[in-house]
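Structure record follows, encoded as structure tokens.
Read the figures in this text as sums done on the coordinates, not as results from a lab. Note that this is a predicted model, so its numbers are computed, not measured. For neighbour counting, all protein chains shown are included, and Cβ atoms are generated from backbone atoms with ideal geometry for every residue, glycine included.
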Amino acid sequence: MKFIEITEENFRKFAEKSPYQSFMQTPEIAKLREKDGWTAHYLAVEDKDKIKAATILLEKPTFLKKSTFLAPGGPLLDFEDKTLANFFLKNLKNYAKSHNGYTLQISPYYELIERSRSGEIVEGGFDRRSTLKTLEALNFKPTEKTTQPKYLFVMDLKGRAEEELLTDQKRNTRNHVRKAEKMGVKIRELKREELKILKDITEKTSKRRGFTDRPLEYYEQMYDLFHDRGEVKFVVAEAELLPSSRSSGAWQGEGKHAVPVATGDGDAGRERVKVSLSAAMFMLTGDEIVYLFSGSDEKYMHDYNAQYLIQWHIIKYAAKNGYKRYNFYGIHSLPNENEDDGIYDFKKGFDSKYGHVVELIGTFETSLNTPVYKFHKILSKLKNL
């Protein structure tokens, strides 16, 4: 086996056939990171002129002129092949260290153990927890500092028709979808110049729910990098609403099939106005579609349920176009029957039969320069305090 640098083109050819591929391990994401000062390295293990494993490794000088190295969503590697895993990871560490690195972080898109819809371990299912010993032996330690969630909720689509997918939804979810359709909600894709619609909605949602929103520039860059490749979709849910006669200037919550709420003379002859109710971003990579970001206008969430119709729209698209998996992406943690989890409940409602929890192996970090690494950790703790 040989540890080698490869071209972007050869990496892409390997990644597109890898069962461990992720949108995070794409040259496009590398180009996005390069705009923020990162340098991309394309590395692989070759055996008998065939690539067996590969990764995009990102480098950035961050502390005392030393570099941080990241492999977001990578490496693309069968960790069950212990010989291959040991060879690749050892050489990856040596490569980063030789390039003035003091820390290396990996976040493989690799399932650790088979879990059910409720998050329980499936008896007789695959179990790759021995991989953790491989990482531990190489001094890789788990860290919560990551851009990739530990737990996902996914639904398998292979061989399932649209009617079956609708039937397999929980009753409440199916009712929300049908209500949105009856209320006249329509779904369409956003053009690049319309991405501010998504940004306005996610910004309001982030303030309401307390998470950090992406800047408009991020959405525009993702559009530029992935749209022409057919690997990203930005969609919006809209409805034509009747202006309110109330002084607040709010819109009345009725669709074209509903009875108008406002009945005052001030509404006579008013034209309906198209309003954006919800919007979302999806990544299309390999055999799966990933639901990445979304937001909803709080004023219309419960009257229109547009967020449900967006999901159903993309699920149908995925099934029709041969995608094997629809990935709702992150959930906070393993489900707990004693705790309310609105995000998990929303996602699992779309598949009461085949939807299940995915536990990824996690994110791991290792020191390449012990003194610098420890000094940086101390300063980071002080900064947090």
Q) For LEU277, LEU132, what ranking results if the residue with the fewest other Cβ atoms within 10 Å of its Cβ goes first? A) LEU132, LEU277
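If you take the beta carbon distance between SER206 and LYS145 as r and set R0 to 22 Å, what does 1/(1 + (r/R0)^6) give as a FRET efficiency, to the nearest 0.05? Before the final figure, lay out the partial values.
Details: r = 20 Å, r/R0 = 0.93.
For SER206 and LYS145, the calculated efficiency is 0.60.
Run the dipole for region 142-198 about the Cα centre, Lys and Arg Cβ at +1, Asp and Glu Cβ at -1, nothing else charged, and hand back the magnitude in debye, nearest 20.
Values: 15 positive and 10 negative charges, 52 e Å.
Using Cβ point charges on Lys, Arg, Asp and Glu, region 142-198 gives about 260 debye.
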**Q.** Given LYS82/LYS150; LYS66/LYS97; LYS2/LYS50; LYS191/LYS274; LYS17/LYS97, the pairs whose alpha carbons are separated by over 19 Å
**A.** LYS82/LYS150; LYS17/LYS97
Q: With r as the distance between the Cβ atoms of GLU298 and LYS90 and R0 = 51 Å, compute the FRET efficiency 1/(1 + (r/R0)^6) and round to 0.05.
A: 0.50
Q. About its Cα centre, how strong a charge dipole does region 57-154 have in debye, to the nearest 20, once Lys and Arg get +1 and Asp and Glu get -1 at the Cβ?
A. 620 debye
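If R0 is 22 Å, what FRET efficiency do you get for HIS99 and GLU46 from their C-beta distance, rounded to 0.05?
Numbers: r = 20 Å, r/R0 = 0.90.
After rounding to 0.05, the efficiency reads 0.65.
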Q: Starting with the fewest neighbours, write out LEU70, LEU135, LEU64 ranked by other beta-carbon atoms found within 10 Å of each beta-carbon.
A: LEU64, LEU135, LEU70
Q | Point-to-point label distance, LYS353-LYS191, nm (Cα→Cβ direction, 7 Å offset) | A | 4.1 nm
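What shape does region 71-221 take by its C-alpha gyration tensor, where a ≥ b ≥ c are the square roots of the eigenvalues and a/c under 1.5 counts as rounded, a/b above b/c as prolate, and the rest as oblate?
Values: a/c = 2.74, a/b = 1.48, b/c = 1.85.
Since a/c reaches 1.5 but b/c is at least a/b, the shape of region 71-221 is classed as oblate.
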Q: Taking H placed 1.01 Å from N in the peptide plane, check which residues at least 5 places from THR285 or on another chain put their amide H under 5 Å from its amide H.
A: VAL290
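Suppose every K and R has +1 on its Cβ and every D and E has -1 on its Cβ; what is the size of the dipole of the chain about the Cα centre, in Debye to the nearest 20? Don't skip to the end; give the middle numbers.
On the way: 63 positive and 57 negative charges, 166 e Å.
Taking the Cα centre of the chain as origin, the dipole is about 800 debye.
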**Q.** Projected label distance in nm at LYS60 and PHE3, using a 7 Å step from Cα toward the beta-carbon
**A.** 2.4 nm
Q: Would you be so kind as to identify which of SER276, HIS302, VAL290 lies farthest towards the positive end of the dipole of region 267-308, taking Lys and Arg as +1 and Asp and Glu as -1 on Cβ and the Cα centre as origin?
A: SER276
Q. Amide H neighbours of ALA237 under 5 Å, counting only residues 5+ apart in sequence or on other chains, H built in-plane at 1.01 Å?
A. LEU277, SER278, ALA279
Q: Give a residue-ordered list of calculated ³J(HN,Hα) values for region 33-47 (Karplus: 6.51 cos²θ - 1.76 cosθ + 1.60, θ = phi - 60°; whole Hz; x for Gly, Pro).
A: 5, 4, 5, 9, x, 8, 10, 9, 10, 9, 10, 7, 10, 10, 9
Q: Can you work out the PRE-style zone for ALA137? Point 7 Å along Cα to Cβ, and I want the residues of region 75-94 with backbone N under 15 Å.
A: 79-91
Q) Under a point spin-label approximation (7 Å from Cα along Cα-to-Cβ), what is the ASP287-ARG129 distance to one decimal in nm? A) 2.6 nm
